[in-house]
Amino acid sequence: MKEVDRRRFMKIAGSSLGIGVLYSAMPSARAKGEAGAFFGELGKKNGEAVTPFTFLQLSDAHVGFDGPPDPLGTKAFERAVEMVNALPQRPDLVLFTGDLTHDTEDKDTHANRMRRFLEISKRMNVPLVKYVPGEHDAGLDAGQMYREFLGESYYSFDHRGVHFIALDNVSRAKPEVGPDQLAWLKKDLARFDKSAPIIVFTHRPLFDLKPEWEWFTSDGDDVMNVLAPYQNVTVLYGHIHRDDEHAVDHVHHYAARSLIFAFPDPEKTAAKKPFPFDKDAPFKNLGIRLVHENFAGKPLVNTVSVQDVELTTREFMGINGINQILRNPSL
Amino acid sequence: MRPKALKIILSALLMITLLGIIITHQVSAEAPRVIEITAKRFAFTPNQITLKKGEPVILRLKSEDVTHGFFMRKLKIDETIEPGKTLDVAVTPDTAGTYTTICDHFCGVNHGSMNMTISVVE
């Protein structure tokens, strides 16, 4: 089996608005010849062959946030759900990479925000939605309320031959996963062949993207060292409220846009300040990323292409539209 | 006690005292500067300090409310400040520059904006 084939077989596609990223795991299952043999062998090694499927990543809804800069509350999140449901192809699953809610020290209010988040999230017409917490969900109570609503904050599952791993790098208050979770991760991975396709989803980046903006995980290197022997690893995360792609060694890390407000490029601005709200373009920078990989079984060819689409504004355009939105209460 | 023995003892005591004064003086001359920094949601006070490159300093950290972090990767600072305790952190910056130091222990709604600047000059 050729090394590069293993590493780049995952087709990833994204779609629309602040909904984050729509991914497709499309390993050219119908491919013949060399590529077909590759996937056949991969399936034998990993117990289940990868078959084409599509999934979404959503992130950072911050239900309960009332600005500034964004006074629209849950509008972008709700619009995202509409657009998910309007997709021509229903995704198999949705991964929500944290900051489902905005934090508050009032437990009842936080619980109401969590209920509101789930009420909106459950409108999505998808068979499976998986979550990890962000620091705004879990940082103040070590994840207690999050677990009461959504269960364990780190776990794994398999879907159509792909192993998904949810990591929690927020519940310890510091940006870290901690030794217990690292030990669990090693144990979780032990049963897999090194060629197994693995998708990790978490909240904070697992590498030093911008430490002085708290865009890092202090023991992210330890996590990536555990994952290093595995040849097909993709990491999806949120937290930074902007789309981003970084390749670190053979692992690609993708950040999704948020559903509340956007941060600028840290390489182009010194201060960590979100983009100001633009009433004429209320969902500006809350876009979705389309990412395609046109795998054809050729080694050493980067076949990933990216397409970003901003959230459509439709009925929210103009002063009347904005005023209408502002009348709606948010938690 | 014989006068001669008394004289020897007094001389020895004098020598020890003088030696102590000299040592104390030397230590105080080399003692690093101490800079007190207080964390309180969602700011550090002061929020800007200036250090000299190569100068050893002690950052004396304390919290007036909840647990905070104090993190600056490039200065190798990664501390947790617990309320009711004082934490001394020895720092000797070796590169001039401006370093944004953050609270990296989630402390509440405006946690993301809790930072201060450490300026290091030549």
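The values are calculated or read from the model by the stated rules, or taken from the named source; none is laboratory data. This is a predicted model, so every value here is computed, not measured. Glycine gets a Cβ as well: all are built from the backbone with ideal geometry, and neighbour counts include every protein chain shown.
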| query | Quick check, is A:LEU290 part of a loop (DSSP other than H, G, I, E, B), surrounded by 19 or more Cβ atoms within 10 Å (Cβ to Cβ), at pLDDT below 50 and on the phi < 0 side of the Ramachandran plot? | reply | no
| field | Tally of residues being small (Gly, Ala, Ser) and modelled with pLDDT under 95 across region A:140-170 | value | 1
| query | Does region A:108-122 contain at least one residue that is away from chain B (no Cβ under 12 Å), within 16 Å of A:LEU227 (Cα to Cα) and in a loop (DSSP other than H, G, I, E, B)? | reply | no
| field | strands (runs of 3 or more DSSP E) contained in region B:44-96 and holding at least 3 residues within 13 Å of chain A (Cβ to nearest Cβ) and modelled with pLDDT of 95 or more | value | B:68-72, B:77-81
| task | Kindly list, by first and then second residue, each pair from a residue in region A:266-281 that is in contact (Cβ under 8 Å) with a residue 60 or more places away in the chain and more than 17 Å from B:ILE102 (Cα to Cα) to a residue that is in a loop (DSSP other than H, G, I, E, B) and among the aliphatic types (A, V, I, L, M), limited to pairs with Cβ atoms under 6 Å and residues at least 6 apart or on different chains. | result | A:PHE275/A:ALA262
| One residue from A:PHE157, A:PHE164 being part of a strand (DSSP E or B) and under 23 Å from A:ALA247 (Cβ atoms) | A:PHE164
| said: Can you go through A:ALA196, A:ALA183, A:ALA173 and tell me which one is more than 12 Å from chain B (Cβ to nearest Cβ) and free of Cβ contacts under 8 Å to residues at least 60 places away in the same chain? | reply: A:ALA183
| Set A:ALA80, A:ALA61: member being of a type outside the set (D, E, K, R), assigned to a helix (DSSP H, G or I) and either at pLDDT 90 or above or closer than 20 Å to A:ASP137 by Cβ (or both) | A:ALA80
| note | Every listed condition ((1) crowded, with 16+ Cβ neighbours inside 10 Å; (2) modelled with pLDDT of 90 or more; (3) in contact with a Leu (Cβ under 9 Å, 6 or more places away or on another chain)) holds for A:ARG204 save (3)
| Of the residues in region A:116-164, how many are in contact (Cβ under 8 Å) with a residue 40 or more places away in the chain, out of contact with any Pro (no Cβ under 7 Å at 6 or more places or on another chain) and among the small types (Gly, Ala, Ser)? | 2
| task | Give region A:80-122 a look and list any residue that's of a type in the set (Gly, Ala, Ser) and either under 28 Å from B:ASN110 (Cβ atoms) or in contact with a Lys or Arg (Cβ under 7 Å, 6 or more places away or on another chain) (or both), or say none. | result | A:ALA80, A:GLY98, A:ALA111, A:SER121
| From the set of residues in region A:210-220 that are more than 10 Å from every other protein chain (Cβ to nearest Cβ) and buried (at least 21 other Cβ atoms within 10 Å of the Cβ), which is nearest to A:HIS250 (Cα to Cα)? | A:GLY220
| Within region A:123-154, how many residues are of a type in the set (Lys, Arg) and either farther than 25 Å from A:ARG90 by Cα or not in a strand (DSSP E or B) (or both)? | 2
| field | Residues satisfying the stated conditions in region A:260-286, i.e. among the aromatic types (Phe, Trp, Tyr) and more than 14 Å from chain B (Cβ to nearest Cβ) | value | A:PHE275, A:PHE277, A:PHE283
| note | All conditions in (1) aliphatic (A, V, I, L, M); (2) within 12 Å of another protein chain (Cβ to nearest Cβ); (3) assigned to a strand (DSSP E or B) are true of B:VAL120 except (2)
